Amino acid sequence: MEQRTKLFLFTFLFLFANQSAILSIAVESKITYINVMSLGAKPDGKTDSTAALTSAWTAACNSSKPASIYVPKGRFLVNQQAELSGPCRNKVITMRIDGSIIAPSDYNVLGSTMFWIEFKSVDGLSIRGGFLDGKGTGLWACKAASGKSCPTGVSTLGFTNSNNIKIYGLTSLNSQLFHIVFNGCTNVKVQGVKVTAAGNSPNTDGIHLQFSTGVKILNSKISTGDDCISIGPGTSNLSIEDVICGPGHGISIGSLGRDFEEEGVQNVTVKRVTFINTQNGVRIKSWGRPSKGFVNHVVFQHATMINVQNPIVIDQNYCPDHINCPGEVSGVQINDVLYQDIHGTSATEVAVKFDCSKKNPCKGITLEDVKLNYKNQQAKSQCANAGGNSLGLIEPSSCL
Ligand SMILES: *[C@@H]1O[C@H](CO)[C@@H](O)[C@H](O)[C@H]1NC(C)=O
Ligand SMILES: *[C@@H]1O[C@H](CO)[C@@H](O)[C@H](O)[C@H]1NC(C)=O
Ligand SMILES: *[C@@H]1O[C@H](CO)[C@@H](O)[C@H](O)[C@H]1NC(C)=O
């Protein structure tokens, strides 16, 4: 821009700014800002900041204007369960976290409560940044030491019956149980999230969903001891893209069909996921029990498997210890599943396994451009009660 034009513009803006000073104050106060430290939170890792956090939530939720909660740098101990409930008076609540929120290191403090931090009946919430430290290692050790009685443990972050939720750049470390759970939610976006827990930590699923629709999980990295992402009954319109998973048990639809009256899973797309040293790649799993549940219209596309034990697997005979599985056959109907451009290495000889229900054989399974090796040798595929077709290059050769 020419110097003279610039000067003119600055002069113009200056005049304009002066005259609109009153206006700009009004603009600023259109948002309610709440710093948790102004409500007594301390970044010392020792002072219980639960009350400050819940008061900040109450103020934000009760604000008639959009509200922004700020957790500054530092370590904030949240020593109790924090239940952050709506419905709220506004639909634009932002929680920006620059610091860490730390759970009590004694796992008996939270015991077997469902969630450590739970949002309930909230509509319109964004969480940006932050570090949640679930302090799970003590509980995992308790569970690993046989004969000891340990609490079930608490999941780190839960969203229940909530809509329009966005989570950007959050890190969840060492959850006692599941890291992040969506139950009964609509329109959710999870982006740039990181989950980290030991590969042998029990039941530390990265993200678990159920009864939720319109969910996107993008550009995230999940390393944990159980499923990277587990997809429960009543999930629909789910899209998972650009995720790195491992260690962990992979991406799993299921376990489904535990109950007779159960909602199905529909419209799931999993794209560009890399699995590294995981137990499974893309899995569908159902109990060998009677059920009205189903799986319909699933796409697994552009996946890379690196040393994965079961890269492609459908297991409809899940029944630990063969207890309460009359007939040992699954009622869950699996229909219309596409595996497209799945390549890499299997850690076991059987790289593709479709073990479907005798009563409800899998229908409409399509394999397209699948290339999986086992230690640079020919891998195998195994089918039981599975119907469908294959297109393009398929290695190991299809058993459909
Ligand atoms: C909510 O805000 C209203 C006024 O805007 C106030 O009267 C009421 O006490 C507040 N409730 C809580 C729980 O803070
Ligand atoms: C899922 O998406 C489809 C197509 O985009 C839409 O028609 C359907 O209503 C959505 N389902 C739910 C439960 O929102
Ligand atoms: C699944 O997708 C189809 C096609 O887009 C849509 O018609 C259907 O409503 C979706 N199902 C659900 C439960 O959203």
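Condition first: open to solvent by less than 10 Å² (accessible area, probe 1.4 Å) and of a type in the set (Ser, Thr, Tyr). Now tell me which residues in the stretch 254-280 satisfy that. THR278 - this is the single residue of the stretch 254-280 that is open to solvent by less than 10 Å² (accessible area, probe 1.4 Å) and of a type in the set (Ser, Thr, Tyr). Looking across ALA51, ALA103, ALA41, one residue alone is at pLDDT 95 or above, within 16 Å of ligand 1 (Cβ to nearest atom) and either touching a His at 6+ places or on another chain (Cβ under 8 Å) or in the same structural domain as GLY158 (by TED's automatic domain parsing) (or both). It is ALA51.
I'd like to know if the stretch 193-216 contains one or more residues that are of a type in the set (A, V, I, L, M, F, W, C), within 16 Å of ligand 3 (Cβ to nearest atom) and under 18 Å from GLY344 (Cβ atoms). Within the stretch 193-216, not a single residue is of a type in the set (A, V, I, L, M, F, W, C), within 16 Å of ligand 3 (Cβ to nearest atom) and under 18 Å from GLY344 (Cβ atoms).
For GLY124, the criteria (1) under 21 Å from ASP205 (Cβ atoms); (2) in contact with a strand residue (DSSP E or B) (Cβ under 9 Å, 6 or more places away or on another chain) hold in every case but one, which is (1).
What strands (runs of 3 or more DSSP E), lying completely within the stretch 82-138, carry at least 2 residues that are more than 20 Å from the chain's Cα centre (by Cα)?
On the way: elements: 82-85, 93-102, 115-120, 123-133.
Hits in the stretch 82-138: 93-102.
Consider PHE275 carefully, then state whether it is modelled with pLDDT of 95 or more, more than 16 Å from ligand 1 (Cβ to nearest atom) and over 19 Å from THR235 (Cβ atoms). Answer is yes for this residue. When residues of the stretch 125-163 are filtered for being among the hydroxyl-bearing types (Ser, Thr, Tyr) and surrounded by fewer than 19 Cβ atoms within 10 Å (Cβ to Cβ), how many remain? Within the stretch 125-163, residues that are among the hydroxyl-bearing types (Ser, Thr, Tyr) and surrounded by fewer than 19 Cβ atoms within 10 Å (Cβ to Cβ) number 5. So is ASN174 more than 16 Å from ligand 3 (Cβ to nearest atom) and open to solvent by 40 Å² or more (accessible area, probe 1.4 Å) or not? So ASN174 fails the test.
What residue, among those in the stretch 27-62 that are of a type outside the set (A, V, I, L, M) and touching a Cys at 6+ places or on another chain (Cβ under 8 Å), is surrounded by the fewest Cβ atoms within 10 Å (Cβ to Cβ)? Explain how you work it out, then say what you get.
Going through the stretch 27-62, the residues of a type outside the set (A, V, I, L, M) turn out to be 28-30, 32-33, 35, 38, 40, 42-50, 54-55, 57-58, 61-62.
Within this subset, residues satisfying the condition of being touching a Cys at 6+ places or on another chain (Cβ under 8 Å) are 61-62.
On the way: CYS61: 19, ASN62: 12.
Looking at the filtered set, the residue picked out is ASN62.
May I ask you to list the residues in the stretch 139-172 that are in a loop (DSSP other than H, G, I, E, B) and on the phi > 0 side of the Ramachandran plot?
The answer is GLY147, GLY153, ASN161, GLY169.
Taking the condition of being open to solvent by less than 10 Å² (accessible area, probe 1.4 Å), among the hydrophobic types (A, V, I, L, M, F, W, C) and farther than 9 Å from ALA379 by Cα, how many residues in the stretch 341-357 meet it? Break it down stepwise before answering.
Looking only at the stretch 341-357, we keep the residues that are open to solvent by less than 10 Å² (accessible area, probe 1.4 Å), and these are 342, 346, 351-352, 354, 356-357.
Then keep just the ones that are among the hydrophobic types (A, V, I, L, M, F, W, C); that gives 342, 351-352, 354, 356.
From the residues that got through so far, the ones that are farther than 9 Å from ALA379 by Cα too are 342, 354, 356.
Final tally of qualifying residues: 3.
The values are calculated or read from the model by the stated rules, or taken from the named source; none is laboratory data. This is a predicted model, so every value here is computed, not measured. Virtual Cβ from ideal backbone geometry, glycine too; neighbours counted across all protein chains shown. Ligands, DNA and RNA are stripped out before the accessible areas are found, and what is left, the full protein with its side chains, is counted by its heavy atoms. Shrake-Rupley method; radii C 1.70, N 1.55, O 1.52, S 1.80 Å.
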